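Colleague: Have a look at the structure that comes next, please.
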Amino acid sequence: MLKEKYDVIVIGAGPAGLAAAIEAKKTGAQEVLVIERAQELGGILQQCIHNGFGLQIFKKDLPGPAYAQRFIDELAGLHIDTLLDAMVLNVTSERRVYATSRWSGFVELDTRALVLAMGCRERTRAQIALPGTRPAGVYTAGTAQRFVNIEGFMPGKRFVILGSGDIGMIMARRLTFEGAKVERVLEIMPFLTGLTRNYVQCLLDYDIPLQLHHTVKRIIGNDRVEAIESVQIDEQRQPIPGTEETIPCDTLLLSVGLIPENELSRKAGVSLDPVTAGPFVDEKMQTSVPGIFAAGNVVHVYDLVDWVTQAGLLCGRNAAQYAIAERKHHGRRVKMKAGDNVRYVVPHVLDKESLAESAQLLQMRVTLPIEEPVWVEVMNGEERVTRKAELYVRPGEMVNIDIPQSAYDAVQRASELSVRVVRR
Amino acid sequence: MADKNYDVIIIGAGVVGSMVARFLSRYKLDVLLIEKDSDIGMGASSANTAIIHAGYDPKPGTLKAEMNVVGNQMFDQLAGELNFTFERRGDYVVAIGPEEFAKLESLRQQGLENGVPGMVILNGADVRRREPNINPEVSGALWATTGGICDPFGVVIAAAENAVVNGVTLMTDTAFQDFIMDGKHIVGIKTNRGDFSSRWVVNSAGLYSDVVMHKAGLRPEFKITPRKGEYYVFDKAEITINNVLFPVPSATSKGILVTTTVHGNTIIGPNALEIDDKEDRSITREGLDEIWQGAINLVPSLSLRYSIAEFAGLRPGGNAPCENPDVKYNKDFIIEIPKQVEGLVNLGGIESPGLSSSPAIAVRVVELLKGAGEKLEEKSEWNPIRRARPRFRDMLPTEQKLLIENDPSYGRIICRCENVTEGEIVAEIHAPIPARTYDAIKRRTWLGTGRCQGGFDTPRVVEILARELGVSPLEISKKGKGSEFLVRPTKDEEAE
């Protein structure tokens, strides 16, 4: 039975939402509710039946559903309410939540703290303005993954995959297992956009060719995809005439990026960062609207689920603290800025006093790959606050760095910190 | 020879054929409406700018001008009877710079000649006030208060559905092949699904209207040249243009618009490219670039970052000379009962403003039949009203609550971007004209048109269609045979 008022409501029961709900309850929030649009908890993990999950947190190599089940089991023992197969229609800045489902009907709920954990969605054909006809047989990789892994149907026989994102590469292997032919993977960038380990385990091991600097020039076929025409592109991302090639296939899968899903955040009045397409957050994962927190892919797109879980835990803890007691406000904050070869940094602002409690994690993505040793440096103007060595950096792989508690004094002096990635 | 005898067979269930069927359903006639595609309204009616034109644009004295102005005036009553979305919000022809401003007055004069009421010329400051996103170099606009926007899919579906409820027989996946003649009398048609005899045949075959009339030996010189128009659709959360903005027209085209839609999305387009292939609705890089350049001339602040869809439509452009010998124009509509054969109502070249003209064309067809001696007795039971089915996203929370209490399936959202519910989908599958494909449901409910473009709903819609139609998910298609979503179950390699 739903209550009218909650301490913490979490929207989305993927890895971020599950972790946030569990941690909120453990931190002391009495009434916690998770709202999920699918018919079961776990979010997209339920269709990610490949392994590779949990290496950081559990030191185990788990498939997605098994990783999710650990949290689902824990949640079940904590008396946390769940509302499944439900859609949140609206959220106000006063944290009133309007949701609907077949089971509950139309409900209005209030909460002291709200956690946004809606995850992300896939970029579509339209967002990359892919020319050609509009037949059946053009799917995002995640939609195809659902058809194969959840519904039990093959969406095609001969595939071309556009984009070297992780889901695309994982689907290349999965479809090959199921007896389909994956002709090749095309990537418009000069570098891989997903994880290198997926390139090795999903493409190289199965002799699926990857063509960098290539894209789809047009889709051919009126009712069903009959072929695609590929083309090589130059350094200015312009097609090179004469390099066109017609590749017969019945399906084109798109793995061309993920976008944080923030339509509800916008309705709640949360400010969004145009670079990440997610909310501006502080080190507590609180958004621009007091009492509304955000965690996971809704903030920025991660490559490892373990980090999503970590963000969920942090967010749930802070949301509970907000709900059960007024949090201290120091009002002395330092802005984080993306410097050389850094596309963005999360969190966007840091409470200077937070370092008195613990080290603070910064997460970022680089703009361009550097395939040699680099420093990741946190700078206050010309003064270096901290730095970390990496052997290489790639846009497909998130970079993490802690600001240690020992940097407390240096941070107090700063009004803005910038993070840069430079060759060693 | 024939399966059944009809009084009238209508070839093609686009907006014109559906509207003709609806107006004929008023009379004691056995009417058959055939459509070669899997659903109604999949040709020119499926991809256009969704505007009910005021009528200042067509050349005075042409059928286009007459039908446009009459048709426009019919839309208030029609929207009231058939319950499709129609908003008479007026449109603007926007002049950028001083030279274009001078052309507005001649356009207004042309409108007056065509009988268009309610046109006003605004100065630049007025236009900026009304549409703050307009190019600041705007020098003025012709404001046509009778211009409107509609749900173009809704118009076709509502008209055909009202026809069917009033006794018209609809057959989809039924393609015209030839006429059956008795001397110069048309007595029936051959289709891929058998022969049908009929006293009258209406050619409303749109892009294929030339092929159909040539089969009757008519107008051998008449040719439909498909004119492709491409469009961008924008995310309504990011870009909001509240008006219908035309550029000053060129000699050949009304130009590239920036316009709002009844669904709330801003769209830009179309360009106008003559092609040969009547099925080529592909989008091209060059075409998209062209409409982008045209659009930012009107609204410079648009951003392609927020494009969520691109599509192309085909206008069935003809080459028929205007019936009025004083008017030099050779792209006019054909609306006639030709003398060379008997039993044919011949329509052709119904391109833009065809949607706006469609009810007027239907009334003209009725008049032509009466003129040819048809008695056309009214049915006492004819019901002009077609009720709309619930649209969850357009309702107030209190109404939504009530709807779900009555039928919990309206509480389950299937399309997350457009908030389309399972109840709405099921209702369309079991409507008088059943929606049997994904695109058929999309056109009726607006599902899958948002920023995720069906990524979330597609597997769910396939499941619901299979369940409601009692077939395997393998049979569910995007737009009819040959466009099935799925090829085989997993773990079934022997099928390879």
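The values are calculated or read from the model by the stated rules, or taken from the named source; none is laboratory data. From a predicted model like this one, the values you see are computed outputs, not experimental measurements. Please note: Cβ atoms are built from the backbone with ideal geometry, for glycine as well, and neighbour counts cover all protein chains shown.
Colleague: What strands (runs of 3 or more DSSP E) completely inside region B:171-236 contain at least 2 residues that are in contact (Cβ under 8 Å) with a residue 24 or more places away in the chain and over 23 Å from residue B:29 (Cα atoms)?
Modeller: Of the strands (runs of 3 or more DSSP E) lying wholly inside region B:171-236, those with at least 2 residues that are in contact (Cβ under 8 Å) with a residue 24 or more places away in the chain and over 23 Å from residue B:29 (Cα atoms) span B:225-234.
Colleague: Checking residue B:225 against (1) crowded, with 23+ Cβ neighbours inside 10 Å; (2) at pLDDT 95 or above, only one condition comes out false. Which one?
Modeller: (1)
Colleague: Can you name the residue in region A:153-166 that is more than 7 Å from chain B (Cβ to nearest Cβ) and part of a strand (DSSP E or B) and is also surrounded by the fewest Cβ atoms within 10 Å (Cβ to Cβ) among such residues?
Modeller: To start, the set of residues in region A:153-166 that are more than 7 Å from chain B (Cβ to nearest Cβ) comprises A:158-166.
Next, only the ones that are part of a strand (DSSP E or B) stay: A:158-162.
Details: A:158: 18, A:159: 28, A:160: 23, A:161: 30, A:162: 27.
Within region A:153-166, the match that is surrounded by the fewest Cβ atoms within 10 Å (Cβ to Cβ) is A:158.
Colleague: Quick one: would you say residue B:381 is under 23 Å from residue B:158 (Cβ atoms) and at pLDDT below 95? Walk me through how you get there before you give the answer.
Modeller: Details: under 23 Å from residue B:158 (Cβ atoms): yes; at pLDDT below 95: no.
No: the conditions fail for residue B:381.
Colleague: Could I ask something else about it? Being among the aliphatic types (A, V, I, L, M), in contact with a Cys (Cβ under 9 Å, 6 or more places away or on another chain) and within 14 Å of chain B (Cβ to nearest Cβ) is the filter here, so list the residues in region A:167-181 that pass it. Talk me through it step by step, then tell me what you get.
Modeller: Filtering region A:167-181 down to residues among the aliphatic types (A, V, I, L, M) leaves A:167, A:169-172, A:175, A:180.
Next cut, in contact with a Cys (Cβ under 9 Å, 6 or more places away or on another chain) only: A:167, A:169-172.
Once the filter is applied, which keeps residues that are among the aliphatic types (A, V, I, L, M), in contact with a Cys (Cβ under 9 Å, 6 or more places away or on another chain) and within 14 Å of chain B (Cβ to nearest Cβ), region A:167-181 yields A:167, A:171.
Colleague: Residues of region A:359-391 being surrounded by fewer than 13 Cβ atoms within 10 Å (Cβ to Cβ) and assigned to a loop (DSSP other than H, G, I, E, B), which ones? Can you show your working first?
Modeller: Of all residues in region A:359-391, those surrounded by fewer than 13 Cβ atoms within 10 Å (Cβ to Cβ) come to A:371-373, A:381-383, A:389, A:391.
Matches in region A:359-391: A:371, A:372, A:373, A:381, A:382, A:391.
Colleague: Which pairs turn up if I take residues in region B:102-129 that are within 14 Å of residue B:90 (Cα to Cα) and look for partners that are charged (D, E, K, R) with beta carbon separation below 7 Å, at least 6 apart in sequence or on another chain?
Modeller: Pairs that qualify, where the first residue is within 14 Å of residue B:90 (Cα to Cα) and the partner is charged (D, E, K, R), are B:119/B:108; B:121/B:105; B:121/B:108.
Colleague: Please work out if residue B:385 is buried (at least 21 other Cβ atoms within 10 Å of the Cβ) and on the phi < 0 side of the Ramachandran plot.
Modeller: In short, no.
Colleague: Which condition from (1) at pLDDT below 95; (2) under 30 Å from residue A:372 (Cβ atoms) is the one that residue A:333 breaks?
Modeller: For residue A:333, the exception is condition (2).
Colleague: Could you check region A:379-424 and list, in sequence order, the residues that are without any contact (Cβ under 8 Å) to a residue 60 or more places away in the chain and among the small types (Gly, Ala, Ser)?
Modeller: A:381, A:389, A:406, A:407, A:410
Colleague: Residues being crowded, with 17+ Cβ neighbours inside 10 Å and within 23 Å of the chain's Cα centre (by Cα): count how many of those fall in region A:321-338.
Modeller: Qualifying residue count for the region: 2.
Colleague: Related question: If we keep just the residues of region B:323-343 that are over 29 Å from residue B:182 (Cβ atoms) and not aromatic (Phe, Trp, Tyr), which is surrounded by the most Cβ atoms within 10 Å (Cβ to Cβ)?
Modeller: The extreme case among them is B:332.
Colleague: What's the total number of residues in region B:344-382 that are among the small types (Gly, Ala, Ser), within 23 Å of residue B:186 (Cα to Cα) and surrounded by fewer than 23 Cβ atoms within 10 Å (Cβ to Cβ)? Explain how you work it out, then say what you get.
Modeller: First, the residues of region B:344-382 that are among the small types (Gly, Ala, Ser): B:348-349, B:352, B:354, B:356-358, B:360, B:362, B:371-373, B:380.
Retained after the next criterion (residues that are within 23 Å of residue B:186 (Cα to Cα)): B:348-349, B:362, B:371-373.
Next cut, surrounded by fewer than 23 Cβ atoms within 10 Å (Cβ to Cβ) only: B:371-373.
Qualifying residue count for the region: 3.
Colleague: Could you look through region A:15-46, keep only residues that are within 14 Å of another protein chain (Cβ to nearest Cβ) and of a type outside the set (Asp, Glu), and pick out the one that is surrounded by the fewest Cβ atoms within 10 Å (Cβ to Cβ)?
Modeller: A:39
Colleague: When you go through A:97, A:91, A:115 one by one, which is the residue that is out of contact with any Leu (no Cβ under 6 Å at 6 or more places or on another chain), more than 30 Å from residue A:174 (Cβ to Cβ) and of a type in the set (A, V, I, L, M, F, W, C)? Break it down into steps so the answer makes sense when it comes.
Modeller: Working: A:97 fails: out of contact with any Leu (no Cβ under 6 Å at 6 or more places or on another chain); A:91 fails: out of contact with any Leu (no Cβ under 6 Å at 6 or more places or on another chain).
Only one candidate passes the filter, namely A:115.
Colleague: For region B:267-348, give me every one of the strands (runs of 3 or more DSSP E) that falls completely inside it and has 1 or more residues that are among the β-branched types (Val, Ile, Thr), at pLDDT 95 or above and over 20 Å from the mean Cα position of the chain (by Cα). Give the steps one after another, and end with the answer.
Modeller: Details: elements: B:307-317, B:334-336, B:344-348.
Here the list reads B:344-348.
Colleague: On to the next question. Looking at A:290, A:274, can you tell me which residue is within 14 Å of another protein chain (Cβ to nearest Cβ) and in a loop (DSSP other than H, G, I, E, B)? Spell out how you get there, then give the answer.
Modeller: On the way: A:290 fails: within 14 Å of another protein chain (Cβ to nearest Cβ).
Going through A:290, A:274 in turn, just one is within 14 Å of another protein chain (Cβ to nearest Cβ) and in a loop (DSSP other than H, G, I, E, B): A:274.
Colleague: Still on this structure, I have one more. Mind checking whether some residue in region B:40-53 is more than 17 Å from residue B:352 (Cα to Cα), buried (at least 20 other Cβ atoms within 10 Å of the Cβ) and of a type outside the set (Asp, Glu)?
Modeller: Narrowing region B:40-53 to residues more than 17 Å from residue B:352 (Cα to Cα): B:40.
The next check asks that each one be buried (at least 20 other Cβ atoms within 10 Å of the Cβ); those that pass are B:40.
Adding the requirement that they be of a type outside the set (Asp, Glu) leaves B:40.
Yes, region B:40-53 contains a residue that is more than 17 Å from residue B:352 (Cα to Cα), buried (at least 20 other Cβ atoms within 10 Å of the Cβ) and of a type outside the set (Asp, Glu).
Colleague: Another one. Find the residue count for region B:411-439, including only residues that are under 21 Å from residue B:162 (Cα atoms) and more than 10 Å from every other protein chain (Cβ to nearest Cβ).
Modeller: Total satisfying the criteria: 13.
Colleague: OK, next. When region B:445-496 is examined, which residues are found to be of a type in the set (Asp, Glu) and either within 19 Å of residue A:150 (Cα to Cα) or within 7 Å of another protein chain (Cβ to nearest Cβ) (or both)?
Modeller: Quick first cut of region B:445-496, residues of a type in the set (Asp, Glu) only: B:457, B:463, B:468, B:475, B:484, B:492-494, B:496.
Listed by number, the residues that qualify are B:457, B:463, B:475, B:484, B:492, B:493, B:496.
Colleague: Now a separate question. Please enumerate the residues belonging to region A:195-238 that are in a strand (DSSP E or B) and over 26 Å from residue A:366 (Cα atoms).
Modeller: A:217, A:218, A:219, A:220, A:224, A:227, A:228, A:229, A:230, A:231
Colleague: Right, here's the next one. Restricting to region B:256-273, count the residues that are among the small types (Gly, Ala, Ser) and either outside the structural domain of residue B:142 (by TED's automatic domain parsing) or surrounded by fewer than 22 Cβ atoms within 10 Å (Cβ to Cβ) (or both). Give the derivation first.
Modeller: We begin by selecting, within region B:256-273, every residue among the small types (Gly, Ala, Ser); these are B:264, B:269, B:272.
Checking which are either outside the structural domain of residue B:142 (by TED's automatic domain parsing) or surrounded by fewer than 22 Cβ atoms within 10 Å (Cβ to Cβ) (or both) leaves us with B:264, B:272.
Count: 2.
Colleague: Right, next: Starting from residues that are among the hydrophobic types (A, V, I, L, M, F, W, C), within 7 Å of chain B (Cβ to nearest Cβ) and closer than 20 Å to residue B:439 by Cα, keep the ones in region A:134-152 and report whichever is surrounded by the fewest Cβ atoms within 10 Å (Cβ to Cβ).
Modeller: So the first thing to find is which residues in region A:134-152 are among the hydrophobic types (A, V, I, L, M, F, W, C), and the list is A:136, A:138, A:141, A:144, A:147-148, A:150.
Next cut, within 7 Å of chain B (Cβ to nearest Cβ) only: A:136, A:147-148.
Next, from what is left, pick out any that are closer than 20 Å to residue B:439 by Cα: A:136, A:147.
Details: A:136: 28, A:147: 23.
Checked region A:134-152; the qualifying residue surrounded by the fewest Cβ atoms within 10 Å (Cβ to Cβ) is A:147.
Colleague: Among the residues of region B:391-410, write down those that are within 10 Å of chain A (Cβ to nearest Cβ), under 19 Å from residue B:461 (Cα atoms) and of a type in the set (Lys, Arg).
Modeller: If the condition is that a residue be within 10 Å of chain A (Cβ to nearest Cβ), under 19 Å from residue B:461 (Cα atoms) and of a type in the set (Lys, Arg), then B:393 is the only one that fits.
Colleague: Based on what the data block shows, is residue B:449 over 25 Å from residue B:487 (Cα atoms), among the β-branched types (Val, Ile, Thr) and either surrounded by fewer than 24 Cβ atoms within 10 Å (Cβ to Cβ) or at pLDDT 95 or above (or both)? Spell out how you get there, then give the answer.
Modeller: Working: over 25 Å from residue B:487 (Cα atoms): no; among the β-branched types (Val, Ile, Thr): yes; either surrounded by fewer than 24 Cβ atoms within 10 Å (Cβ to Cβ) or at pLDDT 95 or above (or both): yes.
No; evaluated as a whole, the condition is false for this residue.
Colleague: Just checking, how many residues over region A:102-133 are small (Gly, Ala, Ser), on the phi < 0 side of the Ramachandran plot and surrounded by fewer than 22 Cβ atoms within 10 Å (Cβ to Cβ)? Steps first, please.
Modeller: Quick first cut of region A:102-133, residues small (Gly, Ala, Ser) only: A:104-105, A:113, A:117, A:119, A:126, A:129, A:132.
Now narrow it down to the ones that are on the phi < 0 side of the Ramachandran plot: A:104, A:113, A:117, A:126.
Next, only the ones that are surrounded by fewer than 22 Cβ atoms within 10 Å (Cβ to Cβ) stay: A:104, A:126.
The number of residues fulfilling the criteria is 2.
Colleague: Residues that are in contact with a helix residue (DSSP H, G or I) (Cβ under 7 Å, 6 or more places away or on another chain), over 25 Å from residue A:395 (Cα atoms) and not assigned by TED's automatic domain parsing to the domain that holds residue A:188: does region A:273-282 have at least one? Reasoning before the result, please.
Modeller: In the first step, residues of region A:273-282 are kept if they are in contact with a helix residue (DSSP H, G or I) (Cβ under 7 Å, 6 or more places away or on another chain); the result is A:278-279.
Now drop any that are not over 25 Å from residue A:395 (Cα atoms), which leaves none.
No, that holds for no residue.
Colleague: For region B:86-120, how many residues are part of a helix (DSSP H, G or I) and under 14 Å from residue B:255 (Cβ atoms)? Don't jump to the end; show me each part of the working.
Modeller: The first filter runs over region B:86-120 and keeps only residues part of a helix (DSSP H, G or I), leaving B:97-114.
From what is left, the residues that are under 14 Å from residue B:255 (Cβ atoms) are B:100, B:103-104, B:107.
Number of matching residues: 4.
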